Amino acid sequence: MRCTVKHTEIIKQKNDCFIVGIFTDKQLSEAAQIIDAHTKGYIRRLFQSNDLTGEIGEALLLHDVANLPSKRLLIVGCGAQAEFNETAFRKVIHKAISVLKTTGAKEACCYLTDLKVKDRAVDWNIRQAVQVSYEATYEFNQFKSKPKTRVMSLGQLTWNVANKANLSAAQRALQEGLAIAEGVILAKDLGNMPANRCTPSFLAKQAQTLGKEYKTVAVDVLEESNMRQLGMGALLAVAQGSEEPAKLIIVHYRGKVKKGKSPVVLVGKGVTFDSGGISLKPSAGMDEMKYDMCGAASILGAIKVAAELALPIEVVGILPATENMPDGKAVKPGDIVTTMSGQTVEILNTDAEGRLILCDALTYAERFKPAAVIDVATLTGAVIVALGSVASGMMSNNEILAQAVQQAAQESWDRVWSLPLWDDYQELINGPFADMVNVGQGNEAKCIAAGCFLARFAEKYPWVHLDIAGTAWKSGKEKTASGRPVPLLVQFLINFCS
Ligand code: BES
Ligand code: MN
Ligand code: ZN
């Protein structure tokens, strides 16, 4: 599917499908009004006969409407006009493209991007529309043995821009939207890949592929022997229960930057399968622990986008990748390890492995003298209890950086919500035998306790931690990785260098 932006008059062009919006209370969008006038009140009659209400989720596909230069007309309900916000816009686009892709239309011109979303300009609409349409047409069928019976006909999708003066902004938004959509697809594909395929070595190969694709990306893969030399006792403790060798993947993107400008470091949890280790997880739903590398995948996605857009910034991705497995050699509850920072940890629960691999990666990050470090991890079930699948949990040691991430989240609509990392919570992870324990007692503030643990390894730079356990994938019938927080990370990088 090719996406373009254009300024067109709806009646004056031939097409396979026009897509227009209507609201409740019989309100028509501008494009719908023009069509209505041109077809002698066709749309208003649909309202009168109660075939249309304008509710969100409604989509009416019509063929061969008299007087229209388009084979199809797709009318999409947008809810109440006064309440048309970001969430409504995204739902409406998703619905429209979901219906469109099941038709024989080879091309379509969509006028939903003309709708005014509260507090948003047209470039926001375009960017979101592109991303959501890729969302709605995403498929992962690499592992199906038979080809699909229905192949999408849609090859060309045009987003209309109501005002010609906005065309250049829309063009830029289109470019960004397409690049972000590709980054999201990379993150989703890696997330959805089963753990017998997506191993730490496979992730390393994927990074190396990025390095081959872009001259600006250099990749370095550290082996377990290198980790041992560096003293990464926590990362190695997690890796020791697995037959698959762990990898520490360094992905370095160097855009054109002013001399002396420090890089942004992105650290991503890359547990390619989390069985829990000796603190074994229950079997129900354990398959979803293949998604425990979505943090790492999102960083590969974001760096791909940065390279694609040639952002003037330096970004270092640090991806500790390992399995977490039970084994005769696996780390045991009560074992004490020394981290790269020199701090010691008593591993009370081998299922709290994410923080163990991240803490050594965070210490490793120091050598890049970063302006900011963001770690991204499917770290705790507790963040799902707190925030569900809408917002990622954010914790930080730096108010200015946290605000920058919060703003990027609002702009990209890949949202985060802040949780406190007050000193008071640090007590949760003090222990009797080592400098700290890797889990607090009982059920108190488990998401924050994990953040507190990481904070002890991130004292030398401004840092934000994103717990994406609730946002990185969807469960249920439509089970899939979401590609989040690629849009947020990219927006942060764009803002950082402009
Ligand atoms: N990968 C899990 C977190 C997770 C759980 C993500 C469920 C998505 C869905 C992580 O390694 C983990 O097991 N965390 C434990 C920590 C606990 C032992 C303190 C958890 O959240 O239960
Ligand atoms: Mn775990
Ligand atoms: Zn995990």
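The values are calculated or read from the model by the stated rules, or taken from the named source; none is laboratory data. Nothing here was measured: the structure is a model prediction, and the numbers come from that model. A quick note on method: Cβ atoms are made from the backbone with ideal geometry, for glycine too, and the neighbour counts reach across all protein chains shown. Side chains are part of the model used for accessible areas, which takes the heavy atoms of the whole protein and leaves out ligands, DNA and RNA. Shrake-Rupley method; radii C 1.70, N 1.55, O 1.52, S 1.80 Å.
From the list Pro200, Pro194, Pro263, the lone residue that is under 21 Å from Ala472 (Cβ atoms), surrounded by fewer than 23 Cβ atoms within 10 Å (Cβ to Cβ) and not hydroxyl-bearing (Ser, Thr, Tyr) is Pro194.
So is Ala59 in contact with a helix residue (DSSP H, G or I) (Cβ under 8 Å, 6 or more places away or on another chain) and either loosely packed, with under 12 Cβ neighbours inside 10 Å or at pLDDT 95 or above (or both) or not? Here the answer is yes, as Ala59 does meet what is asked. Tallying residues that are away from ligand 3 (no atom under 11 Å from the Cβ), open to solvent by 10 Å² or more (accessible area, probe 1.4 Å), within 30 Å of Phe492 (Cα to Cα) and not basic (Lys, Arg) within segment 269-306 yields 0.
For every residue, the table says whether it meets (1) more than 15 Å from Tyr111 (Cα to Cα); (2) within 32 Å of the chain's Cα centre (by Cα).
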residue: Asn50; (1), (2): yes, no
residue: Leu62; (1), (2): yes, no
residue: Ser70; (1), (2): no, no
residue: Val76; (1), (2): no, yes
residue: Ala80; (1), (2): yes, yes
residue: Glu83; (1), (2): yes, yes
residue: Glu86; (1), (2): yes, yes
residue: Arg90; (1), (2): no, yes
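For segment 237-260, a residue qualifies if it is within 16 Å of ligand 3 (Cβ to nearest atom) and either crowded, with 20+ Cβ neighbours inside 10 Å or within 13 Å of Glu314 (Cβ to Cβ) (or both), and the qualifying residues are Ala237, Val238, Ala239, Gly241, Ser242, Ala246.
Has segment 385-396 got at least one residue that is modelled with pLDDT under 95 and surrounded by fewer than 16 Cβ atoms within 10 Å (Cβ to Cβ)? Walk me through it before giving the result.
As a first pass, look at segment 385-396 and keep what is modelled with pLDDT under 95: none.
No: zero hits.
Tell me, please, whether a residue that is under 28 Å from Leu348 (Cβ atoms), exposed (fewer than 15 other Cβ atoms within 10 Å of the Cβ) and more than 16 Å from ligand 3 (Cβ to nearest atom) can be found in segment 478-492.
Applying the first criterion (under 28 Å from Leu348 (Cβ atoms)) to segment 478-492 yields none.
No.
Taking segment 253-299 as the range and being away from ligand 2 (no atom under 16 Å from the Cβ), touching a strand residue (DSSP E or B) at 6+ places or on another chain (Cβ under 7 Å) and part of a helix (DSSP H, G or I) as the test, the residues that pass are Ser298, Ile299. Listed by first and then second residue, the pairs with beta-carbon distance under 9 Å, at least 6 apart or on different chains, first residue in segment 268-282 and without any contact (Cβ under 8 Å) to a residue 12 or more places away in the chain, second in a loop (DSSP other than H, G, I, E, B) and within 9 Å of ligand 3 (Cβ to nearest atom), are Pro282/Gly276.
Restricting attention to segment 1-51, the residues that are polar (S, T, N, Q), buried (at least 21 other Cβ atoms within 10 Å of the Cβ) and touching a Ser or Thr at 6+ places or on another chain (Cβ under 7 Å) total 1. Taking segment 1-25 as the range and being of a type in the set (D, E, K, R), over 18 Å from Leu61 (Cα atoms) and not in a helix (DSSP H, G or I) as the test, the residues that pass are Arg2, Lys6, Glu9, Asp25. Go through (1) away from ligand 2 (no atom under 16 Å from the Cβ); (2) of a type in the set (Val, Ile, Thr); (3) open to solvent by less than 10 Å² (accessible area, probe 1.4 Å) one by one and return the number of the condition Thr338 breaks. Thr338 satisfies every listed condition except (3).
Checking the condition open to solvent by 10 Å² or more (accessible area, probe 1.4 Å), within 27 Å of Tyr214 (Cβ to Cβ) and not in a helix (DSSP H, G or I), which residue from Pro333, Pro312, Pro320 passes? Explain how you work it out, then say what you get.
Working: Pro333 fails: within 27 Å of Tyr214 (Cβ to Cβ); Pro320 fails: open to solvent by 10 Å² or more (accessible area, probe 1.4 Å).
Just one listed residue meets the conditions, Pro312.
Of the residues making up segment 97-147, those that are open to solvent by less than 50 Å² (accessible area, probe 1.4 Å) and among the polar types (S, T, N, Q) are Ser98, Thr103, Thr113, Asn125, Gln128, Gln131, Ser133, Thr137. Listed by position, the strands (runs of 3 or more DSSP E) enclosed by segment 37-155 that each have at least 1 residues that are under 20 Å from Trp413 (Cβ atoms) are 70-77, 107-110.
With respect to being open to solvent by 20 Å² or more (accessible area, probe 1.4 Å), within 15 Å of ligand 1 (Cβ to nearest atom), on the phi > 0 side of the Ramachandran plot and not aromatic (Phe, Trp, Tyr), Gly381 falls outside the description. Whether a residue is touching a residue at least 12 places away in the same chain (Cβ under 8 Å), within 16 Å of ligand 3 (Cβ to nearest atom) and open to solvent by 40 Å² or more (accessible area, probe 1.4 Å) was assessed, and Leu348 passes this test.
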